[in-house]
Amino acid sequence: MGFLAESLRASAALIAGLDPDLRSAVWVSLYVSFWSTILASAAGVPLGLWIGLSHFPLKRPAITALNSLTAVPTVLIGLLVYGFISRQGPLGGFGLLFTPGAIIVGDAILATPIVANFTLAAARGADPAIVPTALTLGATRAQSTLTLVSEIRFGVVAAVISGFGRVVSEVGVAMMLGGNIRGFTRTMTTAIALETSKGEFALGIALGLVLLAVAFAVNVLLHLLQQK
């Protein structure tokens, strides 16, 4: 217990003193999580709305596949993206491997099914008369869809927040595609894994506390939106 208490005191000092390694890992985590969430939302929200509002023969299998993709292991996504952006891969010429951009791509792929699934649930839970009523009143298909999005906006925001919460706490994609390079691609999760393996528990605990605070804030915001 004395060792743990001492590590907690040291981690508090690192947080209060804004340790450079701590600040760097937090910044990289928030940066890649923000942009990957933006990309995932740009793809996932329209996909969820399209599946939820359209009628096509393979709709049920599509929903099942979307649900299944939310549980894909992060290391599998990291492996697939690695194969594409490595030097021998078809996208190797872009030099993305071991850069923040590589992590953003991998995390965006990881979060897209989650955002789409939550958006789909929100669209299916909306009043089915919204779109037909808007069309009857003279709205175009695009305008009626925007009307629906306005009605389920809290559900869409919850989908985006859930996507952010997923990527900010993952480690497999960040480790495989970013390479855990200090001050460049080292995120909070990869730094925690590294520092713990080195026996640097104070910095690992400090990063864990910051990550816990971010996850807690995201979940509180999601809970508030769900109440609305």
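If you take the charge dipole of the chain about its Cα centre, with +1 on Lys and Arg Cβ and -1 on Asp and Glu Cβ, which of PHE184, PHE216, ILE63 is farthest toward its positive end?
ILE63
Can you list the residues, at least 5 places off or on another chain, whose amide H is less than 5 Å from the amide H of THR70, using H built in the peptide plane?
For THR70, no residues qualify.
Please get the size of the charge dipole for the chain, origin at its Cα centre, with Cβ charges of +1 on Lys and Arg and -1 on Asp and Glu, quoted in debye to the nearest 20. Provide the component values of the computation, followed by the final result.
Working: 13 positive and 9 negative charges, 93 e Å.
Roughly 440 debye, rounded to the nearest 20.
Looking at the chain, do any whole DSSP H helices span at least 18 angstrom along their long axis by alpha carbon and average 1.6 or above on Kyte-Doolittle, and which? The partial results should precede the final answer.
On the way: long enough: 2-16 (21 Å, 1.18); 20-53 (48 Å, 1.10); 100-125 (37 Å, 1.23); 153-168 (22 Å, 1.48); 201-227 (38 Å, 2.06).
Taking the DSSP H segments of the chain (at least 18 Å long, mean hydropathy at least 1.6), we get 201-227.
How many angstrom separate the Cα center of region 167-204 from the Cα center of region 26-86?
23
Could you tell me which of ALA174, VAL131, GLN143 has its Cα farthest along the dipole of region 123-184 towards the positive end, charges placed at Cβ (Lys, Arg +1; Asp, Glu -1), taken about the Cα centre?
It is ALA174, whose Cα lies furthest towards the positive end.
For the chain, modelled as a GNM with alpha-carbon contacts under 10 angstrom, which of LEU80, LEU148, LEU30 fluctuates the most?
Maximum among the listed residues: LEU80.
Normalised by the number of residues in the chain, what is the relative contact order in percent for Cα pairs under 8 Å and 6+ residues apart?
31
Every number in this text was worked out from the coordinates using simple rules, so none of it is lab data. Everything numeric here is computed off the predicted structure, so don't read it as measured data. In this analysis, Cβ positions are derived from the backbone assuming ideal geometry, glycine residues included, and neighbour counts consider all displayed protein chains.
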